[in-house]
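Notes follow the structure.
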Amino acid sequence: MQTVVIVIHLMIVLALIGLVLLQRSEGGALGIGGGGGFMSNRGSGNALTRATAILAAAFFVTSLLLSVLAGMSHRPTTVIPAADGPAAPAP
């Protein structure tokens, strides 16, 4: 189960990276994103923003699911060994 969720999580991550790279730069901090491109329409920008939000929500859900699955398979340990019989007196 955990392996399946990890594979889905990685596919979401790759799709999220691709969507973020496809979006047009609004700030122009580097001076290279201001021109028109094949994704210059307002409607495609809204679709990319909506898809990014959906993938971000799916990323958070799979992250939480992975942490729950990891917590379920983890067994608590102790540094104090369990005593099988009566404790021996200290010398």
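The values are calculated or read from the model by the stated rules, or taken from the named source; none is laboratory data. All values derive from a computational prediction rather than experimental measurement. For neighbour counting, all protein chains shown are included, and Cβ atoms are generated from backbone atoms with ideal geometry for every residue, glycine included.
Quick notes
- When the residues of segment 68-91 are filtered to those that are part of a helix (DSSP H, G or I) and of a type outside the set (A, V, I, L, M, F, W, C), the one that is modelled with the highest pLDDT is 71.
- All conditions in (1) exposed (fewer than 10 other Cβ atoms within 10 Å of the Cβ); (2) modelled with pLDDT under 60; (3) among the hydroxyl-bearing types (Ser, Thr, Tyr) hold for residue 3, with the sole exception of (2).
- Scanning segment 57-67 for residues that are of a type outside the set (Phe, Trp, Tyr) and either closer than 12 Å to residue 1 by Cα or modelled with pLDDT of 95 or more (or both) returns 57, 58, 61, 62, 63, 64, 65, 66.
- Residues that are modelled with pLDDT under 85, assigned to a helix (DSSP H, G or I) and more than 15 Å from the chain's Cα centre (by Cα) occur at least once in segment 25-43.
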